[in-house]
Amino acid sequence: MGGKVFKRLTGLTFTAFLLVLLPWLVIVSGANAWNSAPETAGPSRQGQNAPQKQPLISLDQAASATVYNGDWLTYTLTVNKADSLVLKELTVEDVIPANIFSQVECLTEVGNCTFITASTVITPRLGPPIIIERIQGVRWSFTSTTALTQTFPLVLQFRGRVLCQPAGTVFANQASLSYQTGSGETGFELSNPLLCRLAWQNSRYPCRGSLPLPLHRISAPRMAPLAA
C-alpha cells in the first residue's frame, strides 16, 4: 500500500515539474529561433537603412554675424535645384527687419528685383499730409513660357545700411521662395532664420541727426508761400 502511494506522489510531482518547465522551454526556443532567423527588410529596418532624399529645390541665406551703425550689411541668397526640375516661375522674397535699415539696394539681378513697401500717412498740425513709404522686403521674380534660363545655383544679393541702434541689438530676417514647374506643380520653401548683432553703437558713424525710420520715399505737396 505504501509503495503505491509513493509511486502516485512521484508521478504527480513529475507532472507538476513539467507544467512549470514547459512554458520556459517554449519561450527560450522561440527566442533562439528569432535570433537565428535571417534579417528581412521590414518597414522599421528598411526605414533606418534608406538613404535620405535630397530636396529638388532649396534656399540658403548668409550674412555677417555682426555689424556697426552706418555700415552696409550684405545678404546673400542661394537657390539650388536638381537638374531634373524644370521651372517656369520663381519668386524669391526676403523680409527685412523693421526699422533697421535706412537704405536698401539690390546688387544682383537688378532688373528682376523690386521692393516690398508699405505706406504711412502723417498729418501734421500745419500743412498737408506727408506720405512715407517703408521698405519691408526685397523680391526677385523670374518668369518664362517654357523654362527659366537662369543658371543654378542662382545667387541673389541685396544690402541695407544700418540705422542707429543700441549696442547689442539683435535682429533677424528670413527668406522664402515659391515656384511653378513646367508641368504646373507649385511649391514653397523657407530658409533658416538669420541673426545679426549690432557690435557697437556710434563706432564708425555718429547717430545724431539720423532718420528714425527706414525710408524709401517721402512725398508731400509743396506749400504756397505765405503772403507778405
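Where a number appears in this text, it was derived from the coordinates with a stated rule and is not lab data. Bear in mind that the values here come from a model prediction, so they are computed numbers and not experimental data. Glycine also receives a Cβ, built like all others from the backbone with ideal geometry; neighbour counts cover every protein chain displayed.
In nm, give the distance between the simple-model label positions of VAL121 and SER183, each being 7 Å from the Cα along the Cα-to-Cβ direction.
That separation, rounded to one decimal, is 5.0 nm.
Between VAL170 and THR91, 0.36 nm times their residue separation minus their Cα-Cα distance comes to what?
25.7 nm
Decide, for segment 57-219, between rounded, prolate and oblate: order the square roots of the alpha carbon gyration tensor eigenvalues as a ≥ b ≥ c, take rounded if a/c falls under 1.5, and otherwise choose prolate if a/b is larger than b/c, else oblate.
Taking the square roots of the gyration eigenvalues as a ≥ b ≥ c, segment 57-219 is oblate.
Count neighbours as other Cβ atoms within 10 Å of each site's Cβ, and list the GluC sites (Glu not before Pro) in segment 99-144 that are DSSP loop with at most 11 such neighbours.
none
Pop out the ³J(HN,Hα) list for segment 119-131 in order, Karplus 6.51 cos²θ - 1.76 cosθ + 1.60 with θ = phi - 60°, rounded to Hz; leave Gly and Pro as x.
Per-residue couplings from phi come out as 9, 10, 9, 10, 10, x, 5, 10, x, x, x, 10, 9 Hz.
Set the Förster distance to 41 Å, then compute FRET efficiency between ILE131 and ASN80 from the Cβ-Cβ distance, nearest 0.05.
The formula returns an efficiency of 0.55 here.
Name the long-range amide H neighbours of THR117: under 5 Å, sequence gap of 5 or more, or other chain; modelled H, no Pro or chain starts.
Under 5 Å from the amide H of THR117 lie the amide H atoms of GLN136, each far enough along the sequence or on another chain.
What does the C-alpha gyration tensor say about the overall shape of segment 122-162? Classify as rounded when a/c is under 1.5, otherwise prolate if a/b is larger than b/c, or oblate.
oblate
Which whole-Hz couplings ³J(HN,Hα) result when phi for each residue of segment 166-171 is put into the Karplus expression 6.51 cos²θ - 1.76 cosθ + 1.60, θ = phi - 60°, listed in order with x for Gly and Pro?
My calculation for segment 166-171 gives x, 4, x, 4, 10, 10 Hz in order.
What full-extension length gain, to one decimal in nm, is calculated for ARG197 and THR146 as 0.36 nm per residue of separation minus the Cα-Cα distance? Let's see the in-between values first.
Numbers: separation 51, 0.36 × 51 = 18.36 nm, distance 4.28 nm.
Length gained between ARG197 and THR146: 14.1 nm.
Pull out a ≥ b ≥ c, the square roots of the eigenvalues of the alpha-carbon gyration tensor of segment 64-128, then state rounded if a/c is under 1.5, prolate if not and a/b is larger than b/c, and oblate in the remaining case.
oblate
Note down the nm distance, to one decimal, between modelled labels 7 Å out along Cα→Cβ at ASP60 and at THR108.
So the label points at ASP60 and THR108 sit 1.2 nm apart.
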